[in-house]
Amino acid sequence: SLVDFHDAMEQMLDAAQAKDAARISTLYPQVSEKLKAVEAEANDAEIVAIRTSLDDLLALAKDGKQDLMAATADRLKSSFIKVYLQRG
C-alpha cells in the first residue's frame, strides 16, 4: 500500500510544483484513499506527518496559496521518504 500511495502522491507533488491548485483538488480524494490503506496498517507519528502534509497541501490549494504549495509538497515528500526508508 505504501508503493500505491507513492505513485499517487507523486502526481500531487508535480501539481504542487506547477502551482496547479485545481489538479491538487482533483487528485486529493484518490491520494487520500491510498493513504487510508497505509494508515490502516500503521498510524504512528510518521504516518500522521504524511497525512498532515497532504491535508495542508489541499488546504493551500483551496485557499489559492499556490506560492506555498511547493514547500508543503517538499515536506510531504520528506515525510514519505522517512517512512519508506524505515518500512519500504
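The values are calculated or read from the model by the stated rules, or taken from the named source; none is laboratory data. Keep in mind that what you see is a predicted model, and the values were worked out from it rather than measured. Note: ideal-geometry Cβ built from the backbone for every residue, glycine included; neighbour counts use all protein chains shown. For accessibility, only protein heavy atoms count, side chains too; no ligands or nucleic acids. Shrake-Rupley method; radii C 1.70, N 1.55, O 1.52, S 1.80 Å.
Quick check on my filter: what residues within the range 27-41 are of a type outside the set (D, E, K, R) and surrounded by fewer than 13 Cβ atoms within 10 Å (Cβ to Cβ)?
P29, Q30, A37, A40
Collect the residues in the range 48-66 that are part of a loop (DSSP other than H, G, I, E, B) and among the acidic types (D, E), keeping them in residue-number order.
Just the residues of the range 48-66 that are part of a loop (DSSP other than H, G, I, E, B), to begin with: 63-65.
Once the filter is applied, which keeps residues that are part of a loop (DSSP other than H, G, I, E, B) and among the acidic types (D, E), the range 48-66 yields only D63.
Please enumerate the residues belonging to the range 1-47 that are over 16 Å from R87 (Cα atoms) and assigned to a loop (DSSP other than H, G, I, E, B).
The answer is A18, K19, D20.
Can you pull out every residue in the range 8-26 that is open to solvent by 10 Å² or more (accessible area, probe 1.4 Å) and either over 17 Å from A49 (Cα atoms) or more than 9 Å from the chain's Cα centre (by Cα) (or both)?
Hits for the range 8-26 are Q11, D14, Q17, A18, K19, D20, A21, A22, R23, S25, T26.
Residue-wise test of (1) free of Cβ contacts under 8 Å to residues at least 12 places away in the same chain; (2) under 17 Å from R75 (Cα atoms); (3) not small (G, A, S).
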position	(1), (2), (3)
E10	yes, yes, yes
L13	no, yes, yes
A16	no, yes, no
P29	yes, no, yes
K34	no, no, yes
A42	no, no, no
I47	no, yes, yes
L54	no, yes, yes
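If you take the residues of the range 42-74 that are within 17 Å of A18 (Cβ to Cβ) and of a type in the set (K, R), which of them is most open to solvent (accessible area, probe 1.4 Å)?
Looking at the filtered set, the residue picked out is K62.
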